[in-house]
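The values are calculated or read from the model by the stated rules, or taken from the named source; none is laboratory data. All values derive from a computational prediction rather than experimental measurement. Neighbour counts run over all protein chains shown; Cβ positions are idealised from the backbone, glycine included. Quick note on the areas: whole protein, heavy atoms, side chains included, nothing else; ligands and nucleic acids left out. Shrake-Rupley method; radii C 1.70, N 1.55, O 1.52, S 1.80 Å.
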Amino acid sequence: MEISLTVNGEARTSDVEPRLLLVHYLRTVLGLTGTNVGCDTSSCGACTVLIDGESVKSCTVLAVQADGLDVTTIEGLAPSAEEMHPMQQAFREHHGLQCGYCTPGMVLAAVSLLAENPSPTERDVRLGLEGNLCRCTGYHNIVKAVLAAAGQQVSP
Amino acid sequence: MIPAAFDYKRAPSVYDACELLSQYGDDAKLLAGGHSLLPLMKLRLATPSVLIDVGRLTNLSYVLDAGDEIQIGALTRHHTLETDPLLKAECPLLAHAASHVGDPQVRHRGTLGGTLAHGDPASDLPAVVLALNGTMVIRGPRGQREVAATDFFTGFLETALEPDEMLIQVRLPKTGGAGWSFQKFNRRAQDWAIVGVAYAHGHGVGLINMGPTPMRASAVEQALSSGASAADAAAVAAEGTDPSADLNASVEFRRHLAQVLVRRALVEAGV
Ligand SMILES: Cc1cc2nc3c(=O)[nH]c(=O)nc-3n(C[C@H](O)[C@H](O)[C@H](O)COP(=O)(O)OP(=O)(O)OC[C@H]3O[C@@H](n4cnc5c(N)ncnc54)[C@H](O)[C@@H]3O)c2cc1C
Ligand code: FES
Ligand code: FES
């Protein structure tokens, strides 16, 4: 089936099998390997991307379901090669990552969270990232990074 | 994990969805948010040969004020339920429970119609719709019919929907300021309820994961209507239930949890 969608601002048209998952479309058809597969069972959030600005787990969406829609992956977040997105910058400044495997999904889930709730409390951030697992950081620095990206004071 | 191959059809209307269901019969499945169906298909526990995507029927995504009741389109996503101002004011139990379904990513995709049609006893919202005495509005080739929530869940993952029918709307009473409570017991963030309770004052008590279907706590409702205290009513919470054991909990633990959670629900709701 032919699908046409926008990925990171670029129009894409592809002929795909209906059973192709969005995450496999992004990684293997488009070569956008920034989106990771962690659990493959809709639990870990490593595969999180934005569809029309909202976080979704791309291992649980068919590519054909994204036909006509606007998909953003981690590769499409930064405004330019020189400049990071404020959320990426905050993760870097606050050590919100160690191995980095969960990071693309974590960053996109956080971007979606702030779009819905621009001034979250710490609890809002923790609940808002419920769908993303991190095996390294213990979450504290991720939460700090998201609060900082929302323009809030965070203790060092 | 990759689902088995299937044909994909996009239904431009409810009429077309039902036509396609009649045409393909048992081999076809509707696809709404896909957050129950796709995980099953990836595990090959479901292998429909045709998927009929109704996910784009945006005219079935609404929350409408209809006098004494609220009408909710079947394609309304959990995220909309949790944030809708009318639901927050007039049916806070549903809005609150919806905010406890899975995680934000799941709530951006999953729909009310999907979770009800799936009929999983572990799901949160069937118990809520049962507690509220909701009504399901169903469309099919033989026209439109209404089924009370109490008659809708007929067996494990089975509902009153015929294979060529689609759930199009759910009707719920406005509860305004009446007492309510939603208790979901789990061990980790994001998990399904090990046991859960939905209580709506003046309507009913719904139980999550206490049997093969979403169910009402009839014994508790009877006790309350004959004037029992919260503690006495909660003591009979496991009567008439049939929970199963799994890695999370034994039958005994679930029966115990039902009593504890019903008591907490009744106390929180001011009974
Ligand atoms: C990681 C994860 C965690 C989750 N956690 C929870 C949780 O804590 N609590 C909870 O309650 N749920 C949970 N869910 C399930 C979630 O709520 C699903 O969204 C919901 O169960 C199904 O809705 P859907 O729109 O995705 O349905 P789909 O998966 O598209 O469909 C489910 C079934 O219903 C049928 N169907 C769908 N719409 C209709 C309709 N309008 N008429 C007739 N048949 C229809 C389909 O054919 C299919 O058989 C979780 C899911 C995931 C992936
Ligand atoms: S890989 Fe999609 S949620 Fe884990
Ligand atoms: S940084 Fe390693 S999993 Fe999160």
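Peptides B:219-225, B:35-41, B:191-197, A:106-112, ordered by how many other C-beta atoms sit within 10 Å of their residues on average, highest first, read A:106-112, B:191-197, B:35-41, B:219-225. Excluding same-chain neighbours fewer than eight residues apart, the lysines reachable from B:LYS88 by a Cα-Cα span under 28 Å are A:LYS57, B:LYS174, B:LYS184. Hey, got a sec? Which trypsin sites (Lys or Arg not before Pro) in segment B:1-51 land in a DSSP loop and have at most 15 other Cβ atoms within 10 Å? The qualifying sites are B:ARG44.
Overall, chain B carries a charge dipole of about 620 debye about its Cα centre when +1 sits on the Cβ of Lys and Arg and -1 on the Cβ of Asp and Glu, all other atoms neutral.
What does the accessible area of B:MET1 come to, in Å² to the nearest 10, when a probe of 1.4 Å is used? Surface accessible to solvent at B:MET1 totals approximately 80 Å². Computed over the Cα atoms of segment B:180-268, pair by distinct pair, the Kirkwood hydrodynamic radius stands at 12.7 angstrom.
Highest mean first, the peptides A:14-22, B:11-19 sorted by other C-beta atoms within 10 Å per residue fall in the order A:14-22, B:11-19.
Here chain A is assigned +1 on the Cβ of each Lys and Arg and -1 on the Cβ of each Asp and Glu. Its dipole about the Cα centre then comes out at about 600 debye.
Compared with the direct C-alpha span, the chain from B:ASN186 to B:ILE2 gains 63.3 nm at full extension, assuming 0.36 nm per residue. Note on chain B: Cα convex hull, mean projected area over all directions, 13.8 nm². Once the Cβ-Cβ distance of A:GLU83 and B:LYS88 is raised to the sixth power relative to R0 = 45 Å, the FRET efficiency obtained is 0.70. Projected label points at B:TYR62 and B:ARG142, each 7 Å from Cα along the beta carbon direction, are separated by 2.7 nanometres. Straight-line cross-link partners of B:LYS9 among the aspartates and glutamates, defined as a Cα under 20 Å from its Cα and at least 8 positions apart when in the same chain: A:GLU2, A:ASP15, A:GLU17, A:ASP67, B:GLU19, B:ASP26, B:ASP27, B:ASP53, B:GLU162, B:ASP164, B:GLU165. Every Cα-Cα pair of segment A:1-50 was included, and the share exceeding 14 Å stands at 53 percent.
Once you reduce segment B:122-197 and segment B:62-78 to the center of their Cα atoms, the two points are 13 Å from each other.
Shielding value for A:104-116 is 1, the average number of Cβ atoms from other chains within 10 Å of each residue's Cβ. Candidates B:PHE152, B:ALA189, B:SER61 compared by Cα position along the dipole of chain B: farthest toward the positive end lies B:ALA189, with charges placed on Cβ.
Pairing chain B with chain A buries about 2500 Å² of accessible area. This figure sums both sides and uses a 1.4 Å probe. Taken residue by residue and averaged, Cβ atoms of other chains lying within 10 Å of the Cβ of A:55-63 number 6. The alpha-carbon positions of the protein assembly as shown define a convex hull whose volume is 145 Å³ per residue. Based on Cα atoms of chain A, Rg over Rh with Rh as the Kirkwood radius reads 0.98.
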